[in-house]
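This report refers to the structure that appears directly beneath it.
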Amino acid sequence: MLKKVQELVEKVNNYTPESEEDLNSFRIEYLGKKGVLNSLFSSFKEVPVEQKKGVGSSINNLKSLVQEKIEDYKDSFEDEDPVSEIDLSKPVSLDNLGSRHPISLVRNQIVGIFNRIGYTISEGPEIEDDWHNFSALNLPEEHPARDMQDTFFVQTNPDVLLRTHTSSVQVRYMEKKTPPIRTLSPGRVYRNEAISARAHCIFHQVEGLYIDENVSFSDLKQTLLYFAKEMFGEKTKIRLRPSYFPFTEPSAEVDIYLGINTDSDYRITKGTGWLEILGCGMVDPNVLKNCGVDPEKYSGYAFGMGVERIAMLKYGVKDLRLFFENDVRFLKQFDRSV
Ligand code: PHE
């Protein structure tokens with residue numbers, strides 16, 4: 001018996017636990033209900049009387065040795081507890097947060113600017129019929145101005161198409177509501193154009209419409225000046241050039257003044273310092289009539305702009321295709337807020 005206990009003492013002395021679980025099973029092996037020490041104690045009664053003293057103290061020795069071992073290693077494992085290694089004062093890493101797409105950022109900004117002067121948002125279908133996209137807007141079938149917007153038709157039905165502008169939403173809006181109308185129609189539009197750095201077959205527009213009694217061209221001009229200053233800065237200048245759209249009369253294109261401070265200013269403004277940002281005009285009385293608005297009583301203006309074009313200007317992006325490639329290296333450069 002004494003020999004057996006001595007062997008165990010040696011075994012315990014040589015034992016080094018590798019982990020907390022390891023130490024735990026060691027504890028159960030020795031100190032558990034059916035453990036080594038309990039079985040030694042229960043066979044103690046068979047030990048001859050003259051040996052009892054020696055064997056008894058050696059079993060007690062073994063027990064303290066086991067307890068000490070557990071005590072020693074318990075502490076060393078606690079120090080390695082992963083929770084205590086966490087630095088709670090470290091700043092949170094935001095690396096995996098997504099960012100808004102630049103087109104959404106610019107769209108939201110445009111919408112915000114017009115919201116502040118009372119415009120509400122209206123939306124409509126991307127798959128349109130001929131009436132809402134063309135005919136109601138003074139573009140009857142066979143009208144040559146339809147060529148200004150190369151169109152994707154859906155299947156073989158020439159009456160169903162992908163909208164070429166969000167003016168179609170304004171037609172729907174006028175059909176449903178009575179003036180005063182002040183609405184903004186943001187959305188995706190489609191044109192059958194060759195894809196290049198400056199054009200794409202899918203892009204985004206924001207179009208605005210204001211109809212009330214006595215709305216004049218000077219209201220339009222003032223509203224667009226307000227927009228340009230909010231969007232591009234207080235010092236921004238605008239100019240209106242006469243233009244043509246079938247749904248507005250008179251019509252104009254609006255340029256903002258960028259100046260010629262860099263090579264790129266020179267290139268994108270073709271040496272003039274001015275860059276076109278939107279089309280606009282007074283809604284043609286025929287269009288009002290087509291949409292159920294009395295042109296004798298009401299007048300109004302409309303304007304439309306391409307979101308990609310404004311985003312290119314604002315962020316200095318030289319190739320419009322980047323907005324559609326969803327390359328995270330490009331997208332993550334933009335503001336996370338808004
Ligand atoms: N709908 C025109 C376009 O897509 C833009 C526009 C809107 C022009 C309203 C004038 C008035 O090109």
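The values are calculated or read from the model by the stated rules, or taken from the named source; none is laboratory data. Keep in mind that what you see is a predicted model, and the values were worked out from it rather than measured. When we count neighbours, we look across all protein chains shown, and the Cβ atoms used for this are built from the backbone with ideal geometry, even at glycine. These area figures cover heavy atoms from the full protein model, side chains too; ligands, DNA and RNA do not enter into them. Shrake-Rupley method; radii C 1.70, N 1.55, O 1.52, S 1.80 Å.
Spacing of the modelled spin labels on D159 and F324, each 7 Å from Cα toward Cβ, amounts to 3.0 nm.
Close amide H contacts of D284 (hydrogens built in the peptide plane, cut-off under 5 Å, sequence separation of 5 or more or a different chain): T248, E249.
Here the Karplus relation 6.51 cos²θ - 1.76 cosθ + 1.60, evaluated at θ = phi - 60°, turns the backbone of region 125-138 into coupling constants of x, 7, 8, 10, 9, 4, 4, 6, 7, 10, 4, 5, 8, 6 Hz, with x for every Gly and Pro. Here the mean projected area of the convex hull built on the C-alpha positions of region 2-73 is 4.6 nm². Computed as a quarter of the hull surface, the mean projected area of the alpha carbon convex hull for the chain stands at 31.7 nm².
Selection among F203, P102, S19 by position relative to the dipole of the chain gives S19 as farthest towards the positive end (Cβ unit charges, Cα centre). A probe of 1.4 angstrom, applied to the heavy atoms of all protein chains, finds R309 with accessible area near 80 square angstrom. Our coupling estimate for region 217-225, obtained by passing each phi through the Karplus curve with A = 6.51, B = -1.76, C = 1.60 and θ = phi - 60°, is 4, 5, 4, 4, 4, 5, 5, 6, 5 Hz, Gly and Pro reported as x. Here region 2-73 has 51 percent of its accessible surface on carbon and sulfur atoms, given a 1.4 Å probe and all protein chains in place. Projecting the Cα atoms of M312, G279, Q222 onto the dipole axis of the chain, where Lys and Arg carry +1 and Asp and Glu carry -1 at the beta carbon, places Q222 farthest toward the positive end.
Relative to the longest principal axis of the Cα atoms of the chain, the long axis of helix 49-79 makes an angle of roughly 20 degrees.
Taking a temperature of 20 °C and a viscosity of 1.002 mPa s, what whole-number D in µm²/s does Stokes-Einstein yield for region 120-218 with Rh from Kirkwood over alpha carbon pairs? For these conditions, the coefficient is 149 µm²/s. For the chain, the longest principal axis of the Cα atoms and the long axis of helix 102-115 meet at an angle of about 60 degrees. The phi torsions of region 285-293, fed into the Karplus equation with coefficients 6.51, -1.76 and 1.60 and a -60° offset, translate into couplings of x, 4, 5, 4, 4, 4, 9, x, 10 Hz, rounded to whole numbers, with Gly and Pro shown as x.
Amide hydrogen proximity for F152: with H placed 1.01 Å from N in the peptide plane, the residues at 5 or more positions away or on another chain lying under 5 Å are L162, N192. Amide H to amide H distances under 5 Å link L278 with V254, where only residues 5 or more positions off or on other chains count and H is placed in the peptide plane. Heavy atoms of the protein chains alone define the surface here; on that basis region 2-73 has 69 Å² accessible area per residue at 1.4 Å probe size. Taking the C-alpha atoms only, the angle from helix 20-31 to the longest principal axis of the chain is near 30 degrees.
Got a number for carbon plus sulfur as a percent of region 102-331's accessible area, 1.4 Å probe? The C+S portion of the solvent-accessible surface of region 102-331 is 49 percent. Ordering V5, Q51, V66 by the projection of their Cα atoms onto the charge dipole of region 2-73, which places +1 on the Cβ of Lys and Arg and -1 on the Cβ of Asp and Glu, puts Q51 at the extreme positive end. Counted by Cβ distance under 11 Å from V5, the other residues give a net charge of +2, where Lys and Arg count +1 and Asp and Glu count -1.
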